[in-house]
Amino acid sequence: MTKQTDNTRNEQGTNERSANERSANGQSANGESANGESANGESANGESATVLVTSATGKTGRRVAERLTARGVTVRAGSRSGSTPFDWEAPETWGPALRGADAAYVAYYPDLAAPGGVQAMETFGRLAAEHGVRRLTVLSGRGEPEAVVAEEALRAAAVGVELTVVRAAFFAQNFSEGLLAEGVAEGVVVFPAGDTAEPFIDVDDLADVVVETLTTEGHAGRVHELTGPRPIGFAEVAAEISRASGRPVVYQPVSRSEYAGMLTGFGLPAPEAGWLAALFATLLDGHNASVTDGVKRVLGREPRSFGAFADATWAGEEA
């Protein structure tokens, strides 16, 4: 889910050049952002920064909230049933959740490229600016032109707000706690991916990157594209899960129309099923098969491989 346009600054420049670059990104030479938020997750008055995490019960939101809390950041976990009411289908919940927040993690549901995403980002960005939010990090999709349009809508609407875009590849966790988990449990992964390879990203790596963008300087205006260390096909994914779990799991490729029919059979409305099938077919047509160094640029380490993820998730399971 992203193209690497991350222009991380060369740290070997002169002190004067570094100070100028930080100022250009909204950061002063003393390590404090121009809007008053310091690099350690504190606001200018020394108090803990408050960060709204949208979709806080989802795969990425839950992990981001946990990591921010561990850093001493005050977290507003926005969800439909949580202590901070937040629902992407109820815009009237957005303003109250943003009020008094220093930053926000924007994880739009169901996907930034979905119909309505542009309008939602325009409204959310305007509200964030009106409520004095200083920093936004938005989760986007790699290789999704519609998602880029939504990113730019958010950027244009959030006047005066620092924005970082994190574009992610296909989640490894989709096989363990997402749309493909049931198929893995039953031993057959059915998906319209053909023999295309994908550099799956571990959501734990993604969450670590998001937290860095929300709590440290140097990310304003940048796009971080995140992938795993190498692309692998869905057949190899099934083989890795089989190896780690000790039980057989196979991959069954289907066409886009067949997959849409499966989704409607599970009760998904036909328009939504068609859109999802088209999205997956587009994302997995081979144009996202390359890898990036986004994780290493931000975290200083390599991303976790799918094999390592499989070992951590399924090792020790009984056949």
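The values are calculated or read from the model by the stated rules, or taken from the named source; none is laboratory data. Predicted model, so just to flag it, every value in this text is computed and none were measured. Neighbour counts are summed over all protein chains in view; Cβ atoms, including those assigned to glycine, are modelled from backbone coordinates with ideal geometry. Accessible surface is based on the protein model in full, side chains and every heavy atom, while ligands, DNA and RNA are left aside. Shrake-Rupley method; radii C 1.70, N 1.55, O 1.52, S 1.80 Å.
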Quiz item: Does residue 178 satisfy the criteria of being open to solvent by 10 Å² or more (accessible area, probe 1.4 Å), in contact (Cβ under 8 Å) with a residue 12 or more places away in the chain and not in a strand (DSSP E or B)?
Solution: yes
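Quick one: which residue in 297, 243, 304 is open to solvent by 60 Å² or more (accessible area, probe 1.4 Å), among the basic types (Lys, Arg), under 18 Å from residue 168 (Cβ atoms) and assigned to a helix (DSSP H, G or I)?
On the way: 243 fails: under 18 Å from residue 168 (Cβ atoms); 304 fails: assigned to a helix (DSSP H, G or I).
The conditions single out 297.
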Quiz prompt | Evaluation of residue 220 against (1) assigned to a helix (DSSP H, G or I); (2) out of contact with any Phe, Trp or Tyr (no Cβ under 9 Å at 6 or more places or on another chain); (3) among the hydrophobic types (A, V, I, L, M, F, W, C) (one fails), failing number | solution = (1)
Exercise. For region 81-92, indicate whether the set of residues that are open to solvent by 40 Å² or more (accessible area, probe 1.4 Å) and at pLDDT below 95 is non-empty.
Key: yes
Exercise. Evaluate region 303-313: report whether one residue or more is within 29 Å of residue 212 (Cα to Cα), touching a residue at least 12 places away in the same chain (Cβ under 8 Å) and among the basic types (Lys, Arg).
Key: yes
Practice problem: Quick one: in region 119-140, of everything that is open to solvent by less than 30 Å² (accessible area, probe 1.4 Å) and assigned to a helix (DSSP H, G or I), which residue is farthest from residue 224 (Cα to Cα)? | Solution: 127
Exercise. Scan region 97-109 residue by residue and report those that are surrounded by 14 or more Cβ atoms within 10 Å (Cβ to Cβ) and out of contact with any Asp or Glu (no Cβ under 8 Å at 6 or more places or on another chain).
Key: 97, 98, 99, 101, 104, 105, 106, 107, 108, 109
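Here are some residues: 143, 160, 116. Which one is open to solvent by 40 Å² or more (accessible area, probe 1.4 Å) and either at pLDDT below 95 or of a type in the set (Gly, Ala, Ser) (or both)? Reasoning before the result, please.
Working: 143 fails: open to solvent by 40 Å² or more (accessible area, probe 1.4 Å); 116 fails: open to solvent by 40 Å² or more (accessible area, probe 1.4 Å).
Just one listed residue meets the conditions, 160.
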Quiz item: Among 248, 229, 269, which is open to solvent by 50 Å² or more (accessible area, probe 1.4 Å) and closer than 23 Å to residue 289 by Cβ?
Solution: 229
